[in-house]
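Reviewing the structure listed below.
Please treat every number below as a calculation from the coordinates, not as lab data. Since the structure is predicted, the reported quantities are computational estimates derived from the model, not experimental observations. So basically every Cβ, Gly included, is an ideal-geometry build from the backbone, and we count neighbours across all protein chains shown.
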Amino acid sequence: MGLTDRWARKMDGREKKIGRGQQMNILAIGAHPDDLEIFAYGFLAAAAARGDNLMLGVATDGAAGGPNPGPELARRRADEAHNGVAALGKPVLLNLPDGQLANAPDAREVITHFIRSAAPDLVITHAPEDYHPDHRALSAFVSDAAGFICPVLFCDTLMGVGFTPDFYVDISPHFTAKQNAIMAHHSQSPARFASASAIMNRFRAAQCNAPDGHYAEAYRMARRFPFADIRDLLPPPPPYRPFYVPGSDALI
Ligand SMILES: [Zn+2]
């Protein structure tokens, strides 16, 4: 079945009623086995809590992510990938070559097939300006695969460098689970990434004037017709808090 046919049938069946209050199919794909946990776990947990269906993907095998690269590390990281997102679902491991995603001969085809066969309502992946070449390559492959058939949401970069968000998602109820998910990646000395997540997610919440103890993840949409405004698809932001109101629940 052609992509257009499949999409038309899917859209006919649900009469194009996605959005707030509607169950969605959300596909999230990270470049390496721990990326979904570090960059998008809170969003995915919030989406699961409201009843969305999650499809999780890991593009590379992670074989280059450590001092002893190779198949044994890839096997270990596959187990960690499953453990990290166990509360959200079973990830699909695409096993493309770690560190070489941009030049892997079949990477574009594999990623395109994964996304289009799932026919998601929303795709989450890395930002095109993120620090790691595999993240940037995946961002481009995913954006091209999703095309105009569904919106793409870019997650924050590592430590937010160069990233200007459109949207913030309140992950406070899921922050502890996110930290535990990151810590499941024992091969990666994960405490450093848990610490980075704590700083980043606290900072993003603080940008919304949320007081200590609140956490947020930041996202930016890929600007492409007809997805000019997709806020109706997202879990809620931190509560609105005006600037300096004495006695209010706010940071400043
Ligand atoms: Zn990564």
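Summary of values
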| item | result |
| --- | --- |
| Top-ranked residue of segment 59-92 - restricted to ones that are assigned to a helix (DSSP H, G or I) and of a type in the set (Asp, Glu), ranked as farthest from residue 28 (Cα to Cα) | 72 |
| Near pairs, Cβ below 7 angstrom, 6+ apart or cross-chain, from segment 80-97 (under 16 Å from residue 49 (Cα atoms)) to any residue that is part of a strand (DSSP E or B) | 85/56; 88/54; 88/56; 89/54; 89/56 |
| Residue tally, condition touching a Leu at 6+ places or on another chain (Cβ under 9 Å) and not hydroxyl-bearing (Ser, Thr, Tyr), over segment 179-192 | 1 |
| Leading residue by the ranking (surrounded by the most Cβ atoms within 10 Å (Cβ to Cβ)) among those in segment 136-187 that are acidic (Asp, Glu) and out of contact with any His (no Cβ under 9 Å at 6 or more places or on another chain) | 156 |
| Any hit, segment 70-85, residues being among the hydrophobic types (A, V, I, L, M, F, W, C), more than 19 Å from residue 132 (Cβ to Cβ), touching a strand residue (DSSP E or B) at 6+ places or on another chain (Cβ under 7 Å) and more than 16 Å from the ligand (Cβ to nearest atom) | no |
| Residues within segment 213-246 that are among the basic types (Lys, Arg) and part of a loop (DSSP other than H, G, I, E, B), tallied | 2 |
| Residue selected from segment 29-53 under the condition assigned to a loop (DSSP other than H, G, I, E, B), within 16 Å of the ligand (Cβ to nearest atom) and not charged (D, E, K, R), by the criterion surrounded by the fewest Cβ atoms within 10 Å (Cβ to Cβ) | 32 |
| Flag if residue 220 is of a type in the set (Lys, Arg) and surrounded by 18 or more Cβ atoms within 10 Å (Cβ to Cβ) | yes |
| In segment 55-69, the residues that are away from the ligand (no atom under 14 Å from the Cβ) and in contact with a Lys or Arg (Cβ under 8 Å, 6 or more places away or on another chain) | 56 |
